[in-house]
Protein chains: 2
Amino acid sequence: MTDLLAQRDSWQNSNCSIARAVEVVGNRSTLLLLREASFGTRRFDDFARRVGISEPVAAARLKQLVADGLLERRPYREPGQRTRDEYQLTRKGQELLPALTALRQWGDAWAADDAGPSVRVEHQDCGAAVHARLRCDAGHDVPPAEIDVRPGPGLLPA
Amino acid sequence: MTDLLAQRDSWQNSNCSIARAVEVVGNRSTLLLLREASFGTRRFDDFARRVGISEPVAAARLKQLVADGLLERRPYREPGQRTRDEYQLTRKGQELLPALTALRQWGDAWAADDAGPSVRVEHQDCGAAVHARLRCDAGHDVPPAEIDVRPGPGLLPA
DNA sequence: TAGCTGACTTTTGGTTTCCTAAGTCAGCCG
DNA sequence: CGGCTGACTTAGGAAACCAAAAGTCAGCTA
């Protein structure tokens with residue numbers, strides 16, 4: 001671990017996946033927009049209203065999310081309505097759901113209000129509640145206290 | 001789902017666990033400081049240098065993290081050195097590790113550079129790689145596409 | 001006791017972020 | 001064709017955030 005600590009100064013943030021993820025989703029409105037997208041929100045003004053941000057901010061963030069490939073913009077039309085654009089999660093965006101779920105879980109546990117969780121996440125197939133968990137390749141559930149950080153291939157000198 | 005969508009306007013962000021979690025950790029430097037804490041960084045200037053933020057910002061964020069109960073500040077002393085303060089993850093802070101792990105995993109998958117992941121997270125007991133996963137109470141692994149969001153107790157009218 | 005070091009705080013000034021309010025534009029509806 | 005609505009964009013200003021440089025303070029160490 002000391003080795004790792006000593007080397008870590010060299011990469012700092014440039015070669016850190018967390019830093020790169022945070023670069024994309026590391027602000028309030030982006031995470032909340034992704035939450036909305038995962039709940040099925042599709043329309044521009046629903047995003048803005050439900051997230052509680054102004055239209056200019058919603059427009060800018062959504063545009064950025066599309067540019068980053070987390071959302072896809074596609075035309076759709078409801079009967080009797082004109083064509084509109086909807087925003088839908090791409091696979092890249094969907095794969096942030098574990099992170100989002102872990103955050104919600106933490107919020108439920110540590111920052112909940114009296115009313116209890118406002119949403120329940122279920123497995124479509126069986127209806128059971130879904131949780132974010134850490135698990136190792138040997139199949140163990142791993143409590144946060146039992147994880148160990150080691151240098152990876154990107155850190156070791158070539 | 002339509003029911004849920006209709007009701008969702010009423011709670012917006014006030015009663016959302018994700019929003020509350022984001023309130024605490026929803027910015028770049030806070031997440032990165034927690035990453036450092038999980039790597040074992042303890043001292044003030046190591047935090048600042050490794051995260052790549054200035055000292056005033058580090059001081060403010062660390063203070064906020066202590067106030068929010070994610071970090072604990074405690075005196076410690078290395079042999080031959082004077083007493084110093086270290087910052088250590090509390091249980092509340094530790095339980096954010098699944099979220100942090102999920103973010104890293106996403107970054108590794110979608111925003112990695114050529115060198116590969118810079119850290120490897122292992123299960124202390126067995127050395128196997130640790131991943132963040134979604135799982136339901138029935139024991140199934142749940143891919144992001146198979147989750148279903150329903151209103152929870154905090155959303156339903158009393 | 002004078003110096004040094006770690007851990008801050010203060011000050012200054014620039015950049016980013018956000019909101020409000022108002023304007024634009026396209027297409028269905030009457 | 002004229003109004004309306006959804007989806008934005010523009011303009012203007014307040015607030016938050018940030019880095020750099022300098023100052024403070026406490027307690028070893030010489």
Practice problem: Could you give the spread of the C-alpha atoms of chain B along their three principal axes, from largest to smallest, in whole angstroms? | Solution: 65, 36, 30
Exercise. Please determine, in degrees from 0 to 90 and to the nearest 10, the orientation of helix A:28-39 with respect to the longest principal axis defined by the Cα atoms of chain A, where the helix direction is its Cα long axis.
Key: 70 degrees
Practice problem: Would you mind computing Rg(Cα) / (2.2 N^0.38 Å) for the stretch A:29-78, counting N as its residues? | Solution: 1.03
Quiz item: Averaged over peptide B:28-40, how many Cβ atoms belonging to another chain are found within 10 Å of each residue's Cβ?
Solution: 4
Quiz item: Under the definition of partner shielding as Cβ atoms of other protein chains within 10 Å of a residue Cβ, what is the mean value for peptide A:87-95?
Solution: 3
Quiz prompt | Shortest-first nm distances, B:Arg77 label point to equivalent points in other copies (7 Å, Cα→Cβ) | solution = 7.9
Quiz item: For the stretch B:96-147, what mean projected area does the convex hull of the alpha carbons give, in nm²?
Solution: 4.9 nm²
Self-check item: Accessible area buried at the B-A interface, both sides summed, 1.4 Å probe (Å², nearest 100)
Solution: 8700 Å²
Exercise. List the distances, in nm to one decimal, from the label point of B:Gly40 to the label points of the same position in every other copy, shortest first, placing each label point 7 Å from Cα along the Cα-to-Cβ direction.
Key: 4.8
Self-check item: Reachable aspartates and glutamates from B:Lys92, criterion Cα separation under 20 angstrom, eight or more residues apart if same chain
Solution: A:Asp108, A:Asp113, A:Asp114, A:Asp141, A:Glu146, A:Asp148, B:Glu23, B:Glu36, B:Asp68, B:Glu72
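The values are calculated or read from the model by the stated rules, or taken from the named source; none is laboratory data. From a predicted model like this one, the values you see are computed outputs, not experimental measurements. Methodologically, a virtual Cβ is constructed for each residue, glycine included, from the backbone with ideal geometry; neighbour enumeration extends over all protein chains shown. We work out accessible area using only protein heavy atoms, side chains counted, and drop any ligands, DNA or RNA first. Shrake-Rupley method; radii C 1.70, N 1.55, O 1.52, S 1.80 Å.
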